[in-house]
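> Please find one structure pasted underneath; my questions will follow.
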Amino acid sequence: MPAIFADQVLPVGNEQKIKLDASIKDQEIAQREVPSTADCATHLRLLDTFVALRRSVELLADEADLTAAQGWDLYCRRAVSRFEKWSTSTQRGQPPVDVLMAWHALMLHPKAYARFIELGGSLGLDGLDWTEVSNAVDIDITLSGFLDLIEADGTLESLVAEGRQSTGIFNLKNPAGTVLFSYDLAAAINRQFDFSTKMSRYAWLRSPTAESTLAQSVERYRNFFHLIGAHPGTVMVPTLDIDLVWHTHQLAPLRYRAYSKKMAGRLIDHDDEISADRLQELSTDMQGLWREEFGTEYHACLCWTCEAGRAHAPDATAKRSPCPMLNSLANHGYLPRDGNAISMDNLISGLGKALNFNESLVRTLGTPAFATSTTGDANTFNLDDIAKHNVIEHDGSLSRADFAVTGDAKTFNQSVFDETYGYLTEGAAATEEKVNVATMATARSKRIATAQATNPSFNLTSSQVTVSLGESAVILGTLGGSFSEPAAPLEWMKIVFEEERLPFKEGFNTSTEVITTAQVLGLSQLIATSST
(Lines give C-alpha, C1' and ligand atoms only; values in the text may rest on other atoms or scores of the structure.)
Protein backbone atom coordinates (compact mmCIF):
# COMPACT_ATOMS: atom_id res chain seq x y z
CA MET A 1 0.00 0.00 0.00
CA PRO A 2 1.41 3.45 -0.89
CA ALA A 3 2.49 5.42 2.18
CA ILE A 4 -0.15 8.09 1.63
CA PHE A 5 -2.89 5.51 2.32
CA ALA A 6 -1.33 4.30 5.59
CA ASP A 7 -2.55 5.27 9.07
CA GLN A 8 -6.25 5.55 8.38
CA VAL A 9 -8.30 6.63 11.38
CA LEU A 10 -10.17 3.72 12.88
CA PRO A 11 -13.97 3.80 13.18
CA VAL A 12 -15.00 4.78 16.71
CA GLY A 13 -16.28 1.29 17.46
CA ASN A 14 -12.90 -0.25 16.64
CA GLU A 15 -11.02 2.46 18.48
CA GLN A 16 -12.75 1.56 21.76
CA LYS A 17 -10.98 -1.80 21.60
CA ILE A 18 -7.52 -0.26 21.57
CA LYS A 19 -7.87 2.73 23.87
CA LEU A 20 -6.34 0.79 26.74
CA ASP A 21 -3.31 -0.12 24.68
CA ALA A 22 -0.38 1.61 26.37
CA SER A 23 1.37 2.05 23.04
CA ILE A 24 -1.22 4.58 21.91
CA LYS A 25 -0.16 7.98 23.14
CA ASP A 26 -2.60 10.66 24.27
CA GLN A 27 -1.43 12.94 21.45
CA GLU A 28 -2.16 10.24 18.87
CA ILE A 29 -5.67 9.78 20.28
CA ALA A 30 -6.23 13.56 20.15
CA GLN A 31 -5.11 13.67 16.52
CA ARG A 32 -7.78 11.12 15.64
CA GLU A 33 -10.55 13.63 16.28
CA VAL A 34 -10.04 14.92 12.73
CA PRO A 35 -9.39 12.90 9.55
CA SER A 36 -5.86 11.79 8.78
CA THR A 37 -4.17 12.46 5.45
CA ALA A 38 -4.70 8.75 4.69
CA ASP A 39 -8.45 9.13 5.24
CA CYS A 40 -8.54 12.09 2.87
CA ALA A 41 -6.46 10.22 0.29
CA THR A 42 -8.79 7.22 0.41
CA HIS A 43 -11.76 9.56 0.10
CA LEU A 44 -10.18 11.00 -3.05
CA ARG A 45 -9.92 7.46 -4.45
CA LEU A 46 -13.59 6.98 -3.68
CA LEU A 47 -14.52 10.22 -5.45
CA ASP A 48 -12.46 9.11 -8.46
CA THR A 49 -14.46 5.88 -8.39
CA PHE A 50 -17.77 7.75 -8.47
CA VAL A 51 -16.60 9.91 -11.37
CA ALA A 52 -15.40 6.86 -13.33
CA LEU A 53 -18.66 5.09 -12.61
CA ARG A 54 -20.68 7.99 -13.96
CA ARG A 55 -18.67 7.98 -17.19
CA SER A 56 -19.42 4.29 -17.64
CA VAL A 57 -23.13 4.80 -17.00
CA GLU A 58 -23.32 7.67 -19.46
CA LEU A 59 -21.53 5.66 -22.13
CA LEU A 60 -24.10 2.90 -21.79
CA ALA A 61 -27.08 5.22 -21.77
CA ASP A 62 -27.07 5.42 -25.55
CA GLU A 63 -27.68 1.67 -25.79
CA ALA A 64 -30.99 2.19 -23.96
CA ASP A 65 -31.95 5.16 -26.19
CA LEU A 66 -31.32 7.57 -23.34
CA THR A 67 -29.29 10.76 -23.11
CA ALA A 68 -26.31 10.70 -20.80
CA ALA A 69 -28.21 12.82 -18.27
CA GLN A 70 -31.26 10.54 -18.39
CA GLY A 71 -29.13 7.45 -17.93
CA TRP A 72 -27.36 8.89 -14.93
CA ASP A 73 -30.61 10.09 -13.36
CA LEU A 74 -32.12 6.61 -13.62
CA TYR A 75 -28.98 5.06 -12.22
CA CYS A 76 -29.00 7.40 -9.20
CA ARG A 77 -32.66 6.67 -8.52
CA ARG A 78 -31.95 2.95 -8.71
CA ALA A 79 -28.97 3.42 -6.37
CA VAL A 80 -31.26 5.06 -3.79
CA SER A 81 -33.70 2.16 -4.00
CA ARG A 82 -30.89 -0.36 -3.57
CA PHE A 83 -29.45 1.66 -0.65
CA GLU A 84 -32.85 1.65 1.05
CA LYS A 85 -32.99 -2.16 0.84
CA TRP A 86 -29.36 -2.54 1.93
CA SER A 87 -29.78 -0.21 4.93
CA THR A 88 -32.57 -2.37 6.37
CA SER A 89 -30.93 -5.72 5.65
CA THR A 90 -29.92 -7.85 8.62
CA GLN A 91 -26.94 -9.27 6.73
CA ARG A 92 -25.12 -6.26 5.36
CA GLY A 93 -21.68 -6.67 3.88
CA GLN A 94 -19.48 -4.08 2.21
CA PRO A 95 -21.92 -2.09 0.05
CA PRO A 96 -21.58 -2.13 -3.74
CA VAL A 97 -20.34 1.11 -5.23
CA ASP A 98 -23.77 2.53 -6.16
CA VAL A 99 -25.09 1.88 -2.65
CA LEU A 100 -21.91 3.34 -1.16
CA MET A 101 -22.45 6.46 -3.27
CA ALA A 102 -25.94 6.92 -1.84
CA TRP A 103 -24.82 6.37 1.76
CA HIS A 104 -21.94 8.79 1.17
CA ALA A 105 -24.35 11.50 -0.01
CA LEU A 106 -26.67 11.04 2.98
CA MET A 107 -23.85 11.35 5.53
CA LEU A 108 -22.73 14.61 3.90
CA HIS A 109 -25.86 16.18 5.38
CA PRO A 110 -25.05 15.78 9.09
CA LYS A 111 -28.36 16.96 10.54
CA ALA A 112 -30.40 14.87 8.13
CA TYR A 113 -28.27 11.82 8.87
CA ALA A 114 -28.55 12.42 12.63
CA ARG A 115 -32.33 12.60 12.26
CA PHE A 116 -32.32 9.36 10.27
CA ILE A 117 -30.42 7.59 13.08
CA GLU A 118 -32.63 9.09 15.82
CA LEU A 119 -35.73 7.77 14.08
CA GLY A 120 -34.38 4.23 13.96
CA GLY A 121 -31.95 4.06 11.06
CA SER A 122 -29.78 1.02 11.68
CA LEU A 123 -26.53 2.14 10.00
CA GLY A 124 -25.10 3.67 13.16
CA LEU A 125 -22.71 6.58 13.55
CA ASP A 126 -19.35 4.94 12.85
CA GLY A 127 -19.61 5.74 9.15
CA LEU A 128 -17.11 4.49 6.61
CA ASP A 129 -14.23 2.24 7.56
CA TRP A 130 -11.55 3.73 5.32
CA THR A 131 -9.37 0.65 5.53
CA GLU A 132 -12.21 -1.46 4.15
CA VAL A 133 -13.00 1.15 1.52
CA SER A 134 -9.35 1.28 0.49
CA ASN A 135 -9.22 -2.49 0.14
CA ALA A 136 -12.55 -2.83 -1.64
CA VAL A 137 -12.71 0.12 -4.01
CA ASP A 138 -11.13 -0.17 -7.45
CA ILE A 139 -10.60 3.32 -8.78
CA ASP A 140 -10.27 1.96 -12.30
CA ILE A 141 -13.94 1.14 -12.77
CA THR A 142 -14.11 0.67 -16.52
CA LEU A 143 -16.88 0.04 -18.95
CA SER A 144 -16.28 -3.70 -18.63
CA GLY A 145 -16.48 -3.39 -14.86
CA PHE A 146 -19.84 -1.72 -15.16
CA LEU A 147 -21.01 -4.39 -17.58
CA ASP A 148 -20.10 -6.97 -14.94
CA LEU A 149 -22.34 -5.12 -12.52
CA ILE A 150 -25.22 -5.25 -15.00
CA GLU A 151 -24.56 -8.91 -15.69
CA ALA A 152 -24.87 -9.65 -11.97
CA ASP A 153 -28.12 -7.72 -11.62
CA GLY A 154 -29.82 -8.51 -14.89
CA THR A 155 -30.08 -6.91 -18.31
CA LEU A 156 -29.58 -3.29 -19.21
CA GLU A 157 -33.33 -3.10 -19.77
CA SER A 158 -34.05 -4.35 -16.26
CA LEU A 159 -31.64 -1.81 -14.82
CA VAL A 160 -33.47 0.99 -16.64
CA ALA A 161 -36.81 -0.38 -15.50
CA GLU A 162 -35.67 -0.43 -11.88
CA GLY A 163 -34.54 3.18 -12.17
CA ARG A 164 -37.88 4.26 -13.60
CA GLN A 165 -39.73 2.57 -10.75
CA SER A 166 -37.73 4.51 -8.16
CA THR A 167 -38.47 8.10 -7.23
CA GLY A 168 -34.99 8.78 -5.87
CA ILE A 169 -36.54 9.54 -2.48
CA PHE A 170 -35.03 7.61 0.42
CA ASN A 171 -37.58 6.54 3.01
CA LEU A 172 -37.20 5.04 6.47
CA LYS A 173 -40.34 3.16 7.47
CA ASN A 174 -41.47 1.49 10.66
CA PRO A 175 -42.73 -2.16 10.59
CA ALA A 176 -46.24 -0.92 9.87
CA GLY A 177 -45.06 0.85 6.73
CA THR A 178 -45.36 4.39 8.06
CA VAL A 179 -42.70 6.74 6.69
CA LEU A 180 -40.61 8.10 9.56
CA PHE A 181 -37.93 9.85 7.54
CA SER A 182 -37.83 10.96 3.93
CA TYR A 183 -35.00 12.54 1.94
CA ASP A 184 -34.44 13.31 -1.76
CA LEU A 185 -31.23 11.35 -1.93
CA ALA A 186 -30.94 11.23 -5.73
CA ALA A 187 -30.84 15.03 -5.77
CA ALA A 188 -28.24 15.00 -2.98
CA ILE A 189 -26.02 12.63 -5.00
CA ASN A 190 -26.13 15.00 -7.95
CA ARG A 191 -25.43 18.10 -5.84
CA GLN A 192 -22.32 16.39 -4.48
CA PHE A 193 -21.12 15.42 -7.93
CA ASP A 194 -19.85 18.89 -8.78
CA PHE A 195 -17.41 18.59 -5.88
CA SER A 196 -16.41 15.04 -6.85
CA THR A 197 -15.67 16.15 -10.41
CA LYS A 198 -13.55 19.10 -9.27
CA MET A 199 -11.49 16.93 -6.94
CA SER A 200 -10.99 14.33 -9.67
CA ARG A 201 -9.76 17.02 -12.07
CA TYR A 202 -7.17 18.26 -9.58
CA ALA A 203 -5.86 14.67 -9.36
CA TRP A 204 -4.04 15.34 -6.11
CA LEU A 205 -3.31 11.66 -5.60
CA ARG A 206 -1.02 11.79 -8.64
CA SER A 207 0.64 15.04 -7.55
CA PRO A 208 4.28 14.89 -6.41
CA THR A 209 3.27 16.83 -3.29
CA ALA A 210 0.08 14.86 -2.53
CA GLU A 211 0.94 14.02 1.07
CA SER A 212 1.98 17.54 2.02
CA THR A 213 -1.02 19.04 0.23
CA LEU A 214 -3.40 16.86 2.23
CA ALA A 215 -1.51 17.42 5.50
CA GLN A 216 -1.77 21.18 4.99
CA SER A 217 -5.48 20.78 4.18
CA VAL A 218 -6.08 19.01 7.50
CA GLU A 219 -4.38 21.85 9.39
CA ARG A 220 -6.39 24.45 7.48
CA TYR A 221 -9.54 22.51 8.34
CA ARG A 222 -8.68 22.77 12.04
CA ASN A 223 -8.30 26.54 11.60
CA PHE A 224 -11.56 26.68 9.67
CA PHE A 225 -13.43 25.08 12.56
CA HIS A 226 -11.72 27.44 14.97
CA LEU A 227 -13.30 30.32 13.03
CA ILE A 228 -16.70 28.61 13.09
CA GLY A 229 -16.50 28.44 16.87
CA ALA A 230 -15.19 31.99 17.21
CA HIS A 231 -17.87 33.52 14.96
CA PRO A 232 -21.23 31.86 15.76
CA GLY A 233 -23.94 32.86 13.33
CA THR A 234 -21.48 33.57 10.51
CA VAL A 235 -21.76 31.26 7.49
CA MET A 236 -18.28 29.94 6.71
CA VAL A 237 -17.50 28.95 3.13
CA PRO A 238 -14.70 26.38 2.77
CA THR A 239 -12.09 26.30 0.04
CA LEU A 240 -11.90 23.05 -1.94
CA ASP A 241 -9.05 21.63 0.12
CA ILE A 242 -10.80 22.39 3.41
CA ASP A 243 -14.07 21.06 2.01
CA LEU A 244 -12.40 17.74 1.20
CA VAL A 245 -11.37 17.29 4.84
CA TRP A 246 -14.80 18.51 6.01
CA HIS A 247 -16.55 15.97 3.79
CA THR A 248 -14.18 13.24 4.96
CA HIS A 249 -14.92 14.12 8.58
CA GLN A 250 -18.69 13.94 8.04
CA LEU A 251 -18.28 10.37 6.81
CA ALA A 252 -17.45 9.46 10.43
CA PRO A 253 -20.68 10.93 11.93
CA LEU A 254 -20.01 10.22 15.62
CA ARG A 255 -16.48 11.60 15.46
CA TYR A 256 -17.67 14.61 13.47
CA ARG A 257 -20.49 15.35 15.89
CA ALA A 258 -18.12 15.20 18.89
CA TYR A 259 -15.59 17.52 17.24
CA SER A 260 -18.30 19.89 16.06
CA LYS A 261 -19.79 20.22 19.54
CA LYS A 262 -16.34 20.61 21.09
CA MET A 263 -15.32 23.40 18.72
CA ALA A 264 -18.63 25.15 18.09
CA GLY A 265 -20.97 23.95 20.82
CA ARG A 266 -23.39 22.43 18.33
CA LEU A 267 -23.63 20.11 15.35
CA ILE A 268 -22.56 22.14 12.33
CA ASP A 269 -24.54 21.22 9.22
CA HIS A 270 -23.16 21.25 5.69
CA ASP A 271 -25.38 23.25 3.34
CA ASP A 272 -24.76 22.46 -0.32
CA GLU A 273 -27.79 24.41 -1.59
CA ILE A 274 -26.45 27.96 -1.18
CA SER A 275 -26.51 29.86 -4.49
CA ALA A 276 -23.27 30.53 -6.34
CA ASP A 277 -23.65 34.31 -5.98
CA ARG A 278 -24.18 34.04 -2.24
CA LEU A 279 -21.20 31.68 -1.93
CA GLN A 280 -18.98 34.20 -3.70
CA GLU A 281 -20.09 36.96 -1.34
CA LEU A 282 -19.51 34.81 1.76
CA SER A 283 -16.18 33.62 0.41
CA THR A 284 -14.95 37.21 0.16
CA ASP A 285 -15.89 37.74 3.82
CA MET A 286 -13.93 34.60 4.75
CA GLN A 287 -10.79 36.02 3.17
CA GLY A 288 -10.77 38.92 5.63
CA LEU A 289 -11.56 36.78 8.66
CA TRP A 290 -8.82 34.29 7.80
CA ARG A 291 -6.16 36.91 7.16
CA GLU A 292 -7.00 38.71 10.41
CA GLU A 293 -6.90 35.51 12.49
CA PHE A 294 -4.03 33.58 10.90
CA GLY A 295 -2.06 36.15 8.90
CA THR A 296 -2.15 34.09 5.69
CA GLU A 297 -4.18 34.09 2.50
CA TYR A 298 -7.34 32.00 2.54
CA HIS A 299 -7.63 31.36 -1.19
CA ALA A 300 -4.78 29.75 -3.06
CA CYS A 301 -4.40 28.00 -6.40
CA LEU A 302 -4.48 24.23 -5.84
CA CYS A 303 -2.95 23.06 -9.11
CA TRP A 304 0.12 20.82 -9.06
CA THR A 305 2.51 23.58 -10.11
CA CYS A 306 1.40 26.02 -7.44
CA GLU A 307 1.26 23.35 -4.76
CA ALA A 308 4.80 22.25 -5.59
CA GLY A 309 6.00 25.83 -5.55
CA ARG A 310 4.38 26.63 -2.21
CA ALA A 311 6.84 26.05 0.61
CA HIS A 312 5.61 26.01 4.20
CA ALA A 313 7.84 27.06 7.07
CA PRO A 314 8.43 24.17 9.47
CA ASP A 315 6.57 24.23 12.77
CA ALA A 316 8.37 24.25 16.09
CA THR A 317 8.46 20.47 16.35
CA ALA A 318 9.78 19.80 12.83
CA LYS A 319 13.38 18.66 12.45
CA ARG A 320 15.80 20.25 10.03
CA SER A 321 19.37 19.63 8.94
CA PRO A 322 22.51 21.68 8.19
CA CYS A 323 21.71 21.20 4.47
CA PRO A 324 19.59 23.99 2.95
CA MET A 325 18.65 21.85 -0.05
CA LEU A 326 17.25 18.99 2.05
CA ASN A 327 15.45 21.50 4.26
CA SER A 328 13.95 23.11 1.16
CA LEU A 329 12.64 19.76 -0.06
CA ALA A 330 11.05 19.12 3.35
CA ASN A 331 9.47 22.59 3.39
CA HIS A 332 7.92 21.89 -0.01
CA GLY A 333 6.75 18.43 1.07
CA TYR A 334 8.98 16.43 -1.26
CA LEU A 335 10.40 14.93 1.94
CA PRO A 336 8.35 14.45 5.13
CA ARG A 337 7.57 17.93 6.43
CA ASP A 338 8.27 16.96 10.02
CA GLY A 339 11.76 15.75 9.05
CA ASN A 340 11.27 12.44 10.84
CA ALA A 341 12.02 8.84 9.86
CA ILE A 342 13.19 9.54 6.31
CA SER A 343 13.79 6.38 4.30
CA MET A 344 15.78 5.78 1.15
CA ASP A 345 12.46 5.50 -0.70
CA ASN A 346 11.58 8.99 0.58
CA LEU A 347 14.88 10.33 -0.74
CA ILE A 348 14.56 8.62 -4.11
CA SER A 349 11.01 9.90 -4.54
CA GLY A 350 11.64 13.41 -3.20
CA LEU A 351 14.89 14.18 -5.02
CA GLY A 352 13.55 12.49 -8.13
CA LYS A 353 10.39 14.58 -8.27
CA ALA A 354 11.92 17.88 -7.20
CA LEU A 355 15.33 17.74 -8.90
CA ASN A 356 15.07 14.82 -11.36
CA PHE A 357 18.02 13.04 -9.74
CA ASN A 358 18.21 9.39 -10.75
CA GLU A 359 18.10 6.60 -8.17
CA SER A 360 21.81 5.80 -8.34
CA LEU A 361 22.74 9.41 -7.61
CA VAL A 362 20.29 9.62 -4.72
CA ARG A 363 21.70 6.46 -3.18
CA THR A 364 25.24 7.82 -3.53
CA LEU A 365 24.33 11.12 -1.88
CA GLY A 366 21.92 9.71 0.68
CA THR A 367 23.56 6.56 2.02
CA PRO A 368 25.94 8.34 4.47
CA ALA A 369 22.97 9.93 6.25
CA PHE A 370 21.79 6.57 7.58
CA ALA A 371 25.05 6.19 9.54
CA THR A 372 23.93 9.16 11.68
CA SER A 373 20.47 7.74 12.47
CA THR A 374 19.02 8.05 15.96
CA THR A 375 15.59 6.66 15.01
CA GLY A 376 16.29 3.13 16.23
CA ASP A 377 15.79 1.92 12.67
CA ALA A 378 18.89 1.64 10.50
CA ASN A 379 16.71 2.20 7.43
CA THR A 380 15.57 5.69 8.46
CA PHE A 381 17.06 8.91 9.80
CA ASN A 382 15.78 12.24 11.06
CA LEU A 383 16.93 15.39 9.30
CA ASP A 384 18.63 16.73 12.41
CA ASP A 385 20.67 13.52 12.70
CA ILE A 386 22.81 14.80 9.83
CA ALA A 387 24.10 17.52 12.16
CA LYS A 388 26.34 14.93 13.84
CA HIS A 389 29.77 16.55 13.57
CA ASN A 390 32.38 15.22 11.17
CA VAL A 391 30.18 12.60 9.52
CA ILE A 392 28.38 14.63 6.84
CA GLU A 393 28.31 18.00 8.60
CA HIS A 394 31.75 19.59 8.35
CA ASP A 395 33.76 22.70 9.11
CA GLY A 396 33.90 25.51 6.56
CA SER A 397 30.17 25.53 5.70
CA LEU A 398 28.79 28.24 3.42
CA SER A 399 25.91 28.99 5.79
CA ARG A 400 26.60 27.38 9.19
CA ALA A 401 29.13 28.19 11.88
CA ASP A 402 31.75 25.57 12.77
CA PHE A 403 30.66 23.30 15.60
CA ALA A 404 33.74 24.05 17.72
CA VAL A 405 33.04 27.79 17.51
CA THR A 406 29.35 27.96 18.47
CA GLY A 407 28.34 24.41 19.39
CA ASP A 408 25.64 24.64 16.71
CA ALA A 409 26.50 23.62 13.17
CA LYS A 410 22.88 22.83 12.26
CA THR A 411 21.14 26.21 12.38
CA PHE A 412 21.43 28.77 9.59
CA ASN A 413 23.90 31.49 10.60
CA GLN A 414 23.21 34.84 8.96
CA SER A 415 26.70 36.22 9.59
CA VAL A 416 28.35 33.22 7.98
CA PHE A 417 26.09 33.38 4.95
CA ASP A 418 26.50 37.15 4.63
CA GLU A 419 30.22 36.49 4.20
CA THR A 420 29.55 33.80 1.57
CA TYR A 421 26.98 35.96 -0.19
CA GLY A 422 29.46 38.81 -0.38
CA TYR A 423 31.91 36.59 -2.25
CA LEU A 424 29.12 35.34 -4.56
CA THR A 425 27.99 38.90 -5.25
CA GLU A 426 31.51 40.01 -6.16
CA GLY A 427 31.90 37.22 -8.69
CA ALA A 428 28.39 37.48 -10.10
CA ALA A 429 28.77 41.19 -10.79
CA ALA A 430 30.77 40.35 -13.91
CA THR A 431 28.37 37.63 -15.14
CA GLU A 432 24.94 39.28 -15.19
CA GLU A 433 24.22 38.44 -11.53
CA LYS A 434 24.76 34.74 -12.24
CA VAL A 435 26.95 32.42 -10.17
CA ASN A 436 29.23 30.27 -12.31
CA VAL A 437 31.86 27.65 -11.45
CA ALA A 438 34.61 30.16 -10.80
CA THR A 439 32.45 32.30 -8.52
CA MET A 440 31.25 29.31 -6.51
CA ALA A 441 34.79 27.95 -6.21
CA THR A 442 36.13 31.29 -5.00
CA ALA A 443 33.34 31.76 -2.44
CA ARG A 444 33.86 28.24 -1.11
CA SER A 445 37.66 28.66 -0.84
CA LYS A 446 37.42 32.01 0.95
CA ARG A 447 34.81 30.68 3.41
CA ILE A 448 37.07 27.74 4.25
CA ALA A 449 39.98 30.13 4.73
CA THR A 450 37.93 32.20 7.20
CA ALA A 451 36.93 29.07 9.10
CA GLN A 452 40.55 27.95 9.31
CA ALA A 453 41.58 31.35 10.66
CA THR A 454 38.81 31.58 13.29
CA ASN A 455 38.45 27.98 14.44
CA PRO A 456 41.49 26.62 16.33
CA SER A 457 39.99 23.11 16.02
CA PHE A 458 39.34 23.38 12.30
CA ASN A 459 39.38 19.97 10.63
CA LEU A 460 38.32 19.20 7.08
CA THR A 461 39.33 15.68 6.10
CA SER A 462 39.72 14.52 2.51
CA SER A 463 36.39 12.71 2.65
CA GLN A 464 34.68 15.85 3.96
CA VAL A 465 36.28 17.89 1.19
CA THR A 466 34.52 15.51 -1.24
CA VAL A 467 31.22 16.05 0.60
CA SER A 468 31.73 19.82 0.57
CA LEU A 469 32.43 19.86 -3.17
CA GLY A 470 29.39 17.66 -3.81
CA GLU A 471 27.13 20.01 -1.84
CA SER A 472 28.38 22.99 -3.85
CA ALA A 473 27.91 21.07 -7.10
CA VAL A 474 24.34 20.03 -6.27
CA ILE A 475 23.14 23.53 -5.45
CA LEU A 476 25.06 25.23 -8.29
CA GLY A 477 24.09 22.70 -10.96
CA THR A 478 20.45 22.51 -9.82
CA LEU A 479 19.89 26.28 -9.73
CA GLY A 480 22.24 26.92 -12.63
CA GLY A 481 20.33 24.70 -15.04
CA SER A 482 23.45 22.76 -16.05
CA PHE A 483 26.10 20.53 -14.51
CA SER A 484 28.67 21.46 -17.13
CA GLU A 485 28.23 25.23 -17.54
CA PRO A 486 25.97 26.36 -14.69
CA ALA A 487 24.78 29.94 -14.31
CA ALA A 488 22.69 30.20 -11.15
CA PRO A 489 20.84 33.47 -10.53
CA LEU A 490 22.29 35.12 -7.43
CA GLU A 491 18.79 35.77 -6.09
CA TRP A 492 17.95 32.06 -6.31
CA MET A 493 21.02 31.14 -4.28
CA LYS A 494 19.95 33.57 -1.59
CA ILE A 495 16.43 32.13 -1.53
CA VAL A 496 17.58 28.53 -1.05
CA PHE A 497 20.04 29.41 1.72
CA GLU A 498 18.00 32.03 3.60
CA GLU A 499 14.40 30.94 2.99
CA GLU A 500 15.07 27.24 2.45
CA ARG A 501 12.71 26.88 -0.48
CA LEU A 502 13.14 26.28 -4.19
CA PRO A 503 12.60 29.46 -6.23
CA PHE A 504 9.63 28.18 -8.24
CA LYS A 505 7.88 31.55 -7.94
CA GLU A 506 10.93 33.27 -9.39
CA GLY A 507 11.10 30.99 -12.42
CA PHE A 508 12.96 27.86 -11.33
CA ASN A 509 11.82 24.64 -12.99
CA THR A 510 12.74 21.04 -12.28
CA SER A 511 15.27 19.79 -14.81
CA THR A 512 13.80 17.93 -17.77
CA GLU A 513 17.08 16.04 -17.99
CA VAL A 514 17.69 13.16 -15.59
CA ILE A 515 20.69 14.10 -13.41
CA THR A 516 23.29 11.37 -12.83
CA THR A 517 26.16 10.69 -10.44
CA ALA A 518 28.65 11.34 -13.23
CA GLN A 519 27.25 14.83 -13.79
CA VAL A 520 27.48 15.80 -10.13
CA LEU A 521 31.00 14.37 -9.82
CA GLY A 522 32.00 16.20 -12.98
CA LEU A 523 30.84 19.55 -11.63
CA SER A 524 32.49 18.80 -8.27
CA GLN A 525 35.77 18.32 -10.13
CA LEU A 526 35.30 21.58 -12.02
CA ILE A 527 34.81 23.46 -8.74
CA ALA A 528 37.81 21.73 -7.17
CA THR A 529 40.02 22.54 -10.17
CA SER A 530 38.88 26.15 -10.24
CA SER A 531 39.54 26.45 -6.49
CA THR A 532 43.07 25.20 -7.01
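The values are calculated or read from the model by the stated rules, or taken from the named source; none is laboratory data. Keep in mind that this is a model prediction, so the values were computed, not measured. Positions of Cβ are backbone-derived with ideal geometry, glycine not excepted, and every protein chain shown enters the neighbour counts.
Matching residues to (1) touching a Cys at 6+ places or on another chain (Cβ under 8 Å); (2) hydroxyl-bearing (Ser, Thr, Tyr); (3) more than 26 Å from residue 357 (Cβ to Cβ):
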| residue | (1), (2), (3) |
| --- | --- |
| 423 | no, yes, yes |
| 436 | no, no, no |
| 440 | no, no, no |
| 466 | no, yes, no |
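> Somewhere in segment 225-235, is a residue modelled with pLDDT of 95 or more, in contact with a helix residue (DSSP H, G or I) (Cβ under 7 Å, 6 or more places away or on another chain) and within 16 Å of residue 32 (Cα to Cα)?
For segment 225-235, residues modelled with pLDDT of 95 or more, in contact with a helix residue (DSSP H, G or I) (Cβ under 7 Å, 6 or more places away or on another chain) and within 16 Å of residue 32 (Cα to Cα): present.
> Quick check: is even one residue across segment 342-360 small (Gly, Ala, Ser) and assigned to a loop (DSSP other than H, G, I, E, B)?
no
> Report every pair of residues separated by at least 6 positions or lying on different chains whose Cβ atoms are under 7 Å apart, first residue within segment 75-103 and farther than 20 Å from residue 165 by Cβ, second surrounded by 21 or more Cβ atoms within 10 Å (Cβ to Cβ) and among the polar types (S, T, N, Q).
Close Cβ pairs (under 7 Å, with a partner that is surrounded by 21 or more Cβ atoms within 10 Å (Cβ to Cβ) and among the polar types (S, T, N, Q)) amount to 97/49.
> Another question, if that's okay. For segment 204-215, state whether one or more residues are surrounded by fewer than 19 Cβ atoms within 10 Å (Cβ to Cβ) and of a type in the set (S, T, N, Q).
Looking for residues that are surrounded by fewer than 19 Cβ atoms within 10 Å (Cβ to Cβ) and of a type in the set (S, T, N, Q), one finds none in segment 204-215, hence no.
> Kindly provide the set of residues from segment 381-411 that are without any contact (Cβ under 8 Å) to a residue 12 or more places away in the chain and part of a helix (DSSP H, G or I), ordered by number.
406
> Take segment 437-482 and flag every residue that is outside any helix (DSSP H, G or I), within 22 Å of residue 369 (Cβ to Cβ) and of a type in the set (A, V, I, L, M, F, W, C).
The one that is outside any helix (DSSP H, G or I), within 22 Å of residue 369 (Cβ to Cβ) and of a type in the set (A, V, I, L, M, F, W, C): 460.
Per-residue answers, yes or no, for (1) surrounded by 20 or more Cβ atoms within 10 Å (Cβ to Cβ); (2) out of contact with any Pro (no Cβ under 9 Å at 6 or more places or on another chain); (3) at pLDDT below 90:
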| site | (1), (2), (3) |
| --- | --- |
| 26 | no, yes, yes |
| 29 | no, yes, yes |
| 32 | no, yes, yes |
| 39 | yes, yes, no |
| 45 | no, yes, no |
| 49 | yes, yes, no |
| 64 | no, yes, yes |
| 69 | no, yes, no |
| 75 | yes, yes, no |
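> I would also like to ask the following. Just checking, which of 494, 505 is on the phi < 0 side of the Ramachandran plot, over 23 Å from the mean Cα position of the chain (by Cα), among the charged types (D, E, K, R) and surrounded by fewer than 18 Cβ atoms within 10 Å (Cβ to Cβ)?
Exactly one of 494, 505 is on the phi < 0 side of the Ramachandran plot, over 23 Å from the mean Cα position of the chain (by Cα), among the charged types (D, E, K, R) and surrounded by fewer than 18 Cβ atoms within 10 Å (Cβ to Cβ), namely 494.
> Turning to a different aspect of this structure: Among 272, 241, which is charged (D, E, K, R) and more than 15 Å from residue 106 (Cα to Cα)?
Of the residues listed, the single one that is charged (D, E, K, R) and more than 15 Å from residue 106 (Cα to Cα) is 241.
> Something else now. Return only the number of the condition from (1) outside any helix (DSSP H, G or I); (2) over 22 Å from residue 525 (Cβ atoms) that residue 371 does not satisfy.
If we test residue 371 against (1) outside any helix (DSSP H, G or I); (2) over 22 Å from residue 525 (Cβ atoms), just (1) comes out false.
> Check whether at least one residue in segment 251-271 is modelled with pLDDT of 95 or more, touching a Leu at 6+ places or on another chain (Cβ under 7 Å), at negative phi and among the basic types (Lys, Arg), and report yes or no.
yes
> Only one residue in 462, 415 is modelled with pLDDT under 95 and surrounded by fewer than 17 Cβ atoms within 10 Å (Cβ to Cβ), so which one is that?
462
> Please work out which residue is surrounded by the most Cβ atoms within 10 Å (Cβ to Cβ), limiting yourself to segment 292-315 and to residues that are part of a loop (DSSP other than H, G, I, E, B) and of a type in the set (Gly, Ala, Ser).
For segment 292-315, the residue satisfying everything is 311.
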